[in-house]
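Working notes for the structure below.
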Amino acid sequence: MSDSRAALLHPFSSPSKAEGDFVNIVRAEGSTLYDEHGKAYIDGMASLWYCQVGHGRHEIVDAVTRQMSALATYNTFDPFTNDAAREVADLVAAKSPMDDPRVFLGCSGSEAVDTALKIARLVQQRRGNDGRQIIVRRDRGYHGTNFGGTSAQGIAPNREGWGDLVPHFEQVDGDDIEEMSKLFAEKGDRIAAVISEPMQGAGGVYPPTDGYLEGMRRLCDQHGALLIFDEVICGFGRTGEWFAGQTYGVVPDLMTFAKGVTSGYLPLSGVVIGRPVADELEAGDILRHGYTYSGHPAVCAAGVANLKIIEDEGLVARSLHIGEQFEKGFQAIVGDGMAKSYRGIAAVWGLDIGRDAIPVRDALLDDGIIVRGVGESLLMCPPLVITDDEIGQMVESFAKALVQ
Ligand SMILES: Cc1ncc(COP(=O)(O)O)c(C=O)c1O
């Protein structure tokens, strides 16, 4: 088959792009990737916001090998369970901001989001609130690409062209909690839940404005709605604490996670279900929801090994040091007039360069630096093991690309 007709259809890519025009990554170590020609790249995005512990960690490979040698795969539908699934759920529960929660497992952030949305609606039904079906979403929010997450996301082009989406989603725009207050004033008795990333990621890296998350919590409490934090990017040390709910001091009712839970070595995700919601589930009949690979033992073993590395190497605290290094560089770049501003926290940042970011992202790629370009911003989210020297190389490369 010729290059231009290769079978592989890439996600979020032009279907007509020739396979040979993609960068073929063949190996990686720490924060450095190598393509098929031996060219090195600094992975300023931790792949796709997920590789917390860096690449090439044999501890995870060994743990998965041990698990697969004993039990490669089995399901966790009733009546079965396995040690790895139990252990990773316990570890995530212990690090979460919730007391005595339950943890449901899946494989992708999109599965976690759809699970959280379904559980929110289910619990409202169980509470007798049949009329509560509205899910409030936010402009710029990203919640994956299954039908629930597509309906929940605030990035309009991603919602368009698929026919009818899930009904009863209402969008709130802007960073002022007043907008959400207005929606609650109008429809509060029909709102099942609000879904929001604590710090918006894929939509452009937007930390919450002061009081916004507290405001959402207050509105949900006043009106009997559930608060869902989508921590798929924010979790596992990205914002200076295990979860952004802790960074910003707001506890949700349901919390999705994925990505950093295994550093992406194998695909694991889940929903942490706070005690009041868990009580409702436990009082009810069979939970008619689940994925074939929920609690897959090999995937969960990767999670356990990864969380141990994050803990043992103090990577949650290290994200704050990473933030200080980036901020120093951004201050110089903005001070020299090469960029307009920067925003972010700990190990996730956006640099507003005041012009289309894609050509600059491409120049950086040529220079061996991987970042994302969204609108007029360069986004970065490196492994939590990135060295000061590598951060220095990134900032130097930004300065070079921005004067061109
Ligand atoms: C906040 C958030 N939620 C959900 C998702 C979807 O995750 P996945 O691509 O694993 O389905 C993402 C992916 O980037 C995300 O950033």
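Descriptive notes on the structure:
- Within region 209-242, restricting attention to residues that are under 17 Å from residue 272 (Cα atoms) and within 11 Å of the chain's Cα centre (by Cα), the residue that is farthest from the ligand (Cβ to nearest atom) is 236.
- Here residue 88 fulfils each of the conditions (1) touching a residue at least 40 places away in the same chain (Cβ under 8 Å); (2) within 16 Å of the ligand (Cβ to nearest atom); (3) among the hydrophobic types (A, V, I, L, M, F, W, C) apart from (2).
- Flag set for residue 168, criterion: more than 11 Å from the ligand (Cβ to nearest atom) and either crowded, with 23+ Cβ neighbours inside 10 Å or within 30 Å of residue 284 (Cα to Cα) (or both).
- Single residue of region 121-148 satisfying the filter (under 10 Å from residue 192 (Cα atoms) and part of a loop (DSSP other than H, G, I, E, B)) that is nearest to the ligand (Cβ to nearest atom): 133
- In region 245-262, the residues that are within 20 Å of residue 46 (Cβ to Cβ), within 13 Å of the ligand (Cβ to nearest atom) and not aromatic (Phe, Trp, Tyr): 256, 258, 259, 260, 261, 262
- Verdict on residue 314 being away from the ligand (no atom under 16 Å from the Cβ) and either in the same structural domain as residue 207 (by TED's automatic domain parsing) or on the phi > 0 side of the Ramachandran plot (or both): yes
- Of the criteria (1) at pLDDT 95 or above; (2) more than 16 Å from the ligand (Cβ to nearest atom); (3) not basic (Lys, Arg), which one residue 158 fails: (2)
- Just one of the listed residues (88, 92) is over 19 Å from residue 276 (Cα atoms) and among the aliphatic types (A, V, I, L, M), namely 88.
- Residue 74 being aromatic (Phe, Trp, Tyr), in the same structural domain as residue 231 (by TED's automatic domain parsing) and either surrounded by fewer than 21 Cβ atoms within 10 Å (Cβ to Cβ) or more than 19 Å from residue 170 (Cβ to Cβ) (or both): yes
- Condition check for residue 266: touching a residue at least 24 places away in the same chain (Cβ under 8 Å), within 13 Å of the ligand (Cβ to nearest atom), among the aliphatic types (A, V, I, L, M) and surrounded by fewer than 24 Cβ atoms within 10 Å (Cβ to Cβ): yes
- Residue count for region 171-203, restricted to those that are farther than 20 Å from residue 121 by Cα, out of contact with any Lys or Arg (no Cβ under 7 Å at 6 or more places or on another chain) and within 16 Å of the ligand (Cβ to nearest atom): 4.
- Condition broken by residue 280, with the remaining ones in (1) closer than 30 Å to residue 192 by Cα; (2) crowded, with 19+ Cβ neighbours inside 10 Å; (3) of a type outside the set (Gly, Ala, Ser) satisfied: (2)
- Residue list for region 106-120, filter: buried (at least 19 other Cβ atoms within 10 Å of the Cβ) and away from the ligand (no atom under 11 Å from the Cβ): 115, 117, 119, 120
The values are calculated or read from the model by the stated rules, or taken from the named source; none is laboratory data. What you are looking at is a predicted structure, and each value in this text was computed from that prediction instead of being measured. All Cβ positions, glycine included, derive from the backbone under ideal geometry; neighbour counts span all protein chains shown.
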